[in-house]
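First up is the structure itself, then whatever we jot down about it.
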Amino acid sequence: MPSLGPARLVACGLLVATSLVLLHASALPSPIRFELKRIPFRLENDETPAKNAPETMAGGVAVFDYNGDGRPDIFFTNGANIASLKKDDPKYRNRLFRNDGHGVFTDVTDAAGVAGSGYDMGVAVADYDNDGYPDIFVAGLHHSTLYHNNRNGTFTDVTVKSGLEASLNRPDPQYGAFWAITAAWVDVNNDGLLDLFVVNYMQWSYDVHPLCGFQGVADYCNPKFYKGQPNQLFLNKGDGTFEDVSQAWGIREHAGKGMGVGVADYDLDGRPDLFVTNDASYNSLFHNLGNRFEEVAFETGVALPEDGNFISGMGLDFRDFNNDGYPDIVFVALNNQTFPLFQNTGKGDFREVTSPSGMRDASLQMSGFGAGLYDFDNDGWKDLFVTRGHVESISMPSQPVDQYNTVFHNPGPSGKWVALTQEAGLDAAPAARHRGCAFGDLDGDGRIDVVTTALGQEAEIWMNRSQQSGHWLDIALRGTKSNRDGIGARVKVVTKGGAQYNHMTTSVGYASSSDGPVHFGLGADSRAQRIEIHWPSGIVQTLEDVDGDRILKVTEPD
C-alpha cells in the first residue's frame, strides 16, 4: 500500500475536520421548537366520492380574547352537509373554546351562541363597533354571518340587522350565490370605524358542477373549470349597519378567485392597502386612494411569481420580514409552485426574492395553505409558519397529499430561510391536509403559539417551546380617535440591536384571524430604547426606555 504524501495528509485532515463540523452543526438544537397539544375539535368537511370543490377548502380558525380576561381563546369554523349546506348534525357545529389558563380550554359554543347554520369557511375577528369586545364575521359558502359580541360571554347574529344579508346571502344577478372564503376588518377611509372586506372565490352549485378525475378516479377540478367572483367592500356607517360600496370603491369590477387577503400600508401614505391571492389567476393589489381603490398588481410586480406562471395562491401574510420599515408579501401555493416572497423596494413596488432568499429551493416540493410571519424565537426577525397539505385526495409520489407543517427560520440579512419540520417537532402529529392557522401567546410566556386545522382531523395546538428564545415585547393598542383595535397602526421598536417594524392587523393566514397584541422579539435586549406608533388617525406617539418581557398597553393620545 503506497504511503500518503504531505499534501494528501493535509487534504484528509481537512476532510475529517469538515465532516466533524457538519456533524456538530446537524446536532445543534433547532432555534424553534414546538410541542403538540390536542383540542377536541374535528374539522368535518363532508367529503364525498363526487369530490365537490368546497370539501377541500374549509378550515378557518381564530385566536382572540372574546371575554376580555387577558387569555386568548379559540374559534373554529366547520363544514356542513355538502348537499344541503346545512349543519344537520352536531358534528358540524362551529366551536368556541374559552382559554381557562394552564393549557385548559372549555367548549362554550352553546352558551356563546356561535354554533352556526351553514357550510362555513373562514373567520375574521375585530371590534367593529368600538365597544371594547371583539366581534366575529364568519365567511361561508352561499351564506355568511356577522356575530356581535354582547360583552357577557354571548354573541348575537346581526347579519340582517347590520344590512349585510342582502349583499352577502342573496344571489347576485351577475355572479350568483357568493362563496366567501375569508374576510378582513380594515378602516379603509380612516374614520375610526372598521369596514369589512370579503374575499369571494368561485361560482359553484351542488346541482351543476364539472366532473374531473385522474386515471378514471374522480378528483377535485382545477379552478379553470369555474367562473370567478368579485370581492366585496362594506363601509361601516357607525350605527351598527354597513353599506355595500364594492362598485363605488372599484372592487366589484375585478372578478377573481380569491383565497386570501392581507392588509398593510405598503407605500406608507397613511391609507391601508389590500393584497389578494387568486387561485390559478393573477393576484390583486388594491391601492387605496382615499375614496376608492386602484388595482396595481402588474405595475408593482406582484401579479405573478418570477416564472410568470399562474399558481394556486392560498394564504398569505403582508408584513415587513427584513426590518426595513416597508411591508413585504409572502404567500403559499402547491407543489412545484414555490412560496413566493415579494420584498418591498420602498419605491412603490416589489421585487421577488424567492430564489435568492433560499425559499424557492426550500419550498418547491411543498404544498401550503396557511402562512404567518411571526418571530417565534424572539431573535428580532420574523419567521414563517406554513400549514401544509395538498388539495387532491389522490396521492402521487411527486406530490404527497398529507404533509407536515413547517416553520421557516429567518436568519436575517446574512443568510437564507431554513425549513424546519422534524427539527421543530412538527412531525409529532401525523401528516395531514392542513388548512387554517392562527397565532397568539396562549400561555403568556412571551412565545407565539399556533393553532392549526386539517381536513377530517382533530385540530392541533403547537405550543412554542423554543429553548433559546430571546426577550420580547407585546404592544396592545387601544385607539381613541382611531378604531378601538388600532388596526392599521404602524409600530417601530428600537433596541441596541437595531430597529424593527410591525403593524396591527387581524388578517393572517388562510381563512383565519389572529387578534393579539403586536409582537416583537427583542433578542438579547431586555428593553426598548424607543417605540414609535403611527396611528391611523395620523397621530404619532413616542415612548422612551420601555422594559421588555411584558404586554405593554398603549392608548392613543387625544
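The values are calculated or read from the model by the stated rules, or taken from the named source; none is laboratory data. Because the structure is a prediction, the values reported are computed rather than measured. No Cβ is skipped: glycine too gets one built from the backbone with ideal geometry, and neighbour counts run over all protein chains shown. Surface accessibility is based on the protein's heavy atoms, side chains included, excluding ligands, DNA and RNA. Shrake-Rupley method; radii C 1.70, N 1.55, O 1.52, S 1.80 Å.
Points to keep in mind about this one:
- Conditions (1) without any contact (Cβ under 8 Å) to a residue 60 or more places away in the chain; (2) farther than 30 Å from Y66 by Cα; (3) not small (G, A, S); number of the one not met by D445: (2)
- Yes/no for L233 being at pLDDT 95 or above, surrounded by fewer than 19 Cβ atoms within 10 Å (Cβ to Cβ) and not in a helix (DSSP H, G or I): no
- Number of residues in the range 284-313 that are touching a residue at least 40 places away in the same chain (Cβ under 8 Å) and in a loop (DSSP other than H, G, I, E, B) equals 8.
- Scanning the range 29-76 for residues that are acidic (D, E) and either more than 30 Å from D100 (Cα to Cα) or touching a residue at least 40 places away in the same chain (Cβ under 8 Å) (or both) yields E35, E44, D46, E47, E55, D65.
- The single condition among (1) at pLDDT 95 or above; (2) polar (S, T, N, Q); (3) open to solvent by 10 Å² or more (accessible area, probe 1.4 Å) that T56 does not satisfy is (3).
- Against the numbered list (1) open to solvent by 40 Å² or more (accessible area, probe 1.4 Å); (2) within 29 Å of A183 (Cα to Cα), V518 comes up short only at (1).
- Checklist (1) open to solvent by 10 Å² or more (accessible area, probe 1.4 Å); (2) touching a Pro at 6+ places or on another chain (Cβ under 6 Å) applied to S482, failing item: (1)
- Residue that is least open to solvent (accessible area, probe 1.4 Å) [pool: residues in the range 428-441 that are in a loop (DSSP other than H, G, I, E, B) and more than 18 Å from Q467 (Cβ to Cβ)]: A429
- Of L285, L289, all but one fail to be modelled with pLDDT of 95 or more and touching a helix residue (DSSP H, G or I) at 6+ places or on another chain (Cβ under 6 Å); the exception is L285.
- Selection status of F331, at pLDDT 95 or above, of a type outside the set (D, E), within 18 Å of the chain's Cα centre (by Cα) and over 28 Å from S537 (Cα atoms): yes
- Counted residues, the range 244-255 - those being among the charged types (D, E, K, R) and surrounded by fewer than 15 Cβ atoms within 10 Å (Cβ to Cβ): 1
- Check on T421, modelled with pLDDT of 95 or more and more than 25 Å from A53 (Cβ to Cβ): yes
- Residue count for the range 66-80 under the criterion of being open to solvent by 40 Å² or more (accessible area, probe 1.4 Å) and either among the charged types (D, E, K, R) or out of contact with any strand residue (DSSP E or B) (no Cβ under 9 Å at 6 or more places or on another chain) (or both): the result is 3.
- Checked against the criterion of being under 19 Å from P72 (Cα atoms) and touching a residue at least 60 places away in the same chain (Cβ under 8 Å), the candidates G523, G516, G497 yield just one match: G516.
- The range 314-334 residues that are at positive phi, paired with ones that are modelled with pLDDT under 95 and open to solvent by less than 10 Å² (accessible area, probe 1.4 Å) (beta carbon under 6 Å, 6 or more apart): none
- The set of residues from the range 364-374 being under 30 Å from R527 (Cβ atoms) and either open to solvent by 10 Å² or more (accessible area, probe 1.4 Å) or of a type in the set (F, W, Y) (or both) comprises just one member, Y374.
- Applying a threshold of 6 Å to beta carbon distances and a minimum spacing of six or more residues, or different chains, the list of pairs starting in the range 335-363 at a residue that is buried (at least 16 other Cβ atoms within 10 Å of the Cβ) and ending at one that is of a type in the set (A, V, I, L, M) and in a helix (DSSP H, G or I) reads F339/M359; L341/M359.
- Residue selection: G258 satisfies the criterion of being within 22 Å of N336 (Cα to Cα), at pLDDT 95 or above and open to solvent by less than 50 Å² (accessible area, probe 1.4 Å).
Residues are listed down the side, and each one gets a yes or a no for (1) modelled with pLDDT under 95; (2) touching a Phe, Trp or Tyr at 6+ places or on another chain (Cβ under 7 Å); (3) surrounded by 20 or more Cβ atoms within 10 Å (Cβ to Cβ):
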| site | (1), (2), (3) |
| --- | --- |
| Q467 | yes, no, no |
| H471 | no, no, yes |
| H503 | no, no, yes |
| W535 | no, no, yes |
| T555 | no, no, no |
